[in-house]
Amino acid sequence: MNDILPGEVATWQELEAAARRVFRSYGFSEIRVPVVEKTDLFCRSIGETTDIVEKEMYTFTDKGGTSLTLRPEGTAPVMRAFIEHKLHAQDPVAKLYYMGPMFRYERPQKGRYRQFHQIGAEVIGLDDPRCDAQVLAMLDHYFAEVGIPDVQLQINSLGCPECRPAYRQALVAFLETRLDHLCDDCRRRWQQNPLRVLDCKVPGCKEATAGAPSVLDHLCGGCADHFAAVQGYLTDLGTVFAINPRMVRGLDYYTKTTFEMVTGNLGAQNAVAAGGRYDGLIRDLGGPPLPGIGFAMGVERLVLLKGSPQAVPRLDCFLATLGSEAARHAFLLMHQLQRAGLQVDTDLEGKSLKAQMRRAGKLGARFAVILGGDELAAGRAQLRNMDAGSQEEVPLDALRTRLQELLAGGEA
C-alpha cells in the first residue's frame, strides 16, 4: 500500500475531475458504495474459482460472526446497491460511475498496490450494441481528455451462455494437450476456468496457447451479429480499435463485448482500463433480469502514464510582518483574503522579515505583502511581485481588490 503525497495529489485530482466532466456529458451520475461488503456477494458475482476469491480477497469475520470482505472490485457492490435500492423502479436505464479504493492481496506490480484505486462506469438496462459503442467511445474520449497518448482500444466477444459452453469444451480439449507446458496456476485452473489460461502472462503459457481455439469462431448468430454491430458503430463514431481474440476477463460474469485500453509503457501488465458486458449478473445477484456493461480504470496506472507529478499549486499571497501589531493585523487580513477565495499564508512563529520572505519563496507565493508599524500608521502596505521583483505601495482598504486584479490579469 502507498501514500499519495501533496505533489502527487494534483494529478489524481485532475484525473478524477476529468472523469466527472466527461462522464456527466454522457448522462452518468456518481454513486458511492461502502468499501466493505458481505463476502458472499463476491463469491456469487466474481466466481469461487477465480484467483481473486481464492487467493486475493481481504476477508474477515466481524463481531457478529458475519464474513465481510474489503471490496476487490467495484461492479458487484454497485449492482448490489442498484438491486437493494430498487433503482430500476425509478428508471429502467441507469448510468452510474464510481471512484475509490479497492483491495487485493496480490503480488505488487508496476502501478498496482494491495490498496489500489479505480474509476469505473456502468450502464444497466440496455443491450443494444449502440450502448456498447457509446461506452467505448466515452472511454476513448476520457483518455483524449486527460492527454494520455499511446493507448490502444482492443475489443473481443466472449459469447453468451448459449455459445460459450461449446467454446469452453474445445478450449479444455486443447489445453489438455499442453498441460506439460503450462505454469502451476494454469494447470490448476485449466478445467475450472480455462479462459483465464489465455490471459496468463507467463511466457511459457503464452507460447503453449498460441494455437488455441478462438472464441470468435464459436459465437452463435446473435453474438456474432452483436459484435459486428459494435464494430460498425465504433467505425461510424471514428473510434479506433483493434480486435484481440485472446482477450478474456478474469471475472465469471462477463458476456459478449469485452474490451481493454492497453499501452506498451507499463511492461507485461499492459491494461490500464478494462471491462465488458455482463447481461446475467444482476439476475444472478437476485435482481431483475437486466443487461449491463461497464469498465474500470486503474488510477495508479493512469498516474504513471501521465508522467511526473504536478507541482503543488502556488500560493497567491504571503503576508510578511514586522512587529506584533502588524502580525495581529495580518492575521485578520489573511482571514478576509481567504474568505474572498485567495490562497494566503502568513508567519505564525515570529520569524525575522528575511526568514519570512524566504518562506514566501519556498511556498511559491506570487505576491508578498509587507506590513510593519510604519505601514499600519499610514494605512498602506508594500505589495511585491515575487516573480518580477517589482514592488508597489497599496492602500490597505484596496489591497484585496488590487491582488484580485493582478491575479486575474496574470500579471504575476
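Couple of notes before you dig in:
Residues checked against (1) of a type outside the set (A, V, I, L, M, F, W, C); (2) at pLDDT 95 or above; (3) surrounded by fewer than 18 Cβ atoms within 10 Å (Cβ to Cβ):
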{"site": "Leu251", "(1), (2), (3)": "no, no, no"}
{"site": "Phe259", "(1), (2), (3)": "no, yes, no"}
{"site": "Gly292", "(1), (2), (3)": "yes, yes, no"}
{"site": "Phe295", "(1), (2), (3)": "no, yes, no"}
{"site": "Arg301", "(1), (2), (3)": "yes, no, no"}
{"site": "Leu305", "(1), (2), (3)": "no, no, no"}
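- On inspection, Arg339 fails the criterion of being out of contact with any strand residue (DSSP E or B) (no Cβ under 8 Å at 6 or more places or on another chain), without any contact (Cβ under 8 Å) to a residue 24 or more places away in the chain and over 26 Å from Glu405 (Cβ atoms).
- The set of residues from segment 304-328 being touching a Phe, Trp or Tyr at 6+ places or on another chain (Cβ under 8 Å) and either part of a strand (DSSP E or B) or within 30 Å of Pro149 (Cβ to Cβ) (or both) comprises Cys317, Phe318.
- Count - residues of segment 277-290 that are assigned to a loop (DSSP other than H, G, I, E, B) and either surrounded by fewer than 20 Cβ atoms within 10 Å (Cβ to Cβ) or acidic (Asp, Glu) (or both): 7
- For the residues Arg32, Arg20, the requirement of being touching a Gly at 6+ places or on another chain (Cβ under 8 Å), of a type outside the set (A, V, I, L, M, F, W, C) and modelled with pLDDT of 95 or more singles out Arg32.
- Close contacts from segment 196-224, counting a first residue that is closer than 23 Å to Thr255 by Cα and a second that is among the β-branched types (Val, Ile, Thr) and assigned to a loop (DSSP other than H, G, I, E, B), with Cβ to Cβ under 6 Å and a gap of 6+ residues or different chains, come to Leu198/Thr209; Leu198/Val248; Asp199/Val248.
- Flag if Leu136 is surrounded by 21 or more Cβ atoms within 10 Å (Cβ to Cβ), of a type in the set (A, V, I, L, M) and part of a strand (DSSP E or B): no
- Scanning segment 68-91 turns up one or more residues that are part of a helix (DSSP H, G or I), within 27 Å of Val135 (Cα to Cα), aromatic (Phe, Trp, Tyr) and modelled with pLDDT of 95 or more.
The values are calculated or read from the model by the stated rules, or taken from the named source; none is laboratory data. Just so we're clear, the structure is a prediction, and the values are computed from it rather than from any experiment. Note that we place each Cβ from the backbone using ideal geometry, even for glycine, and neighbour counts take in every protein chain shown.
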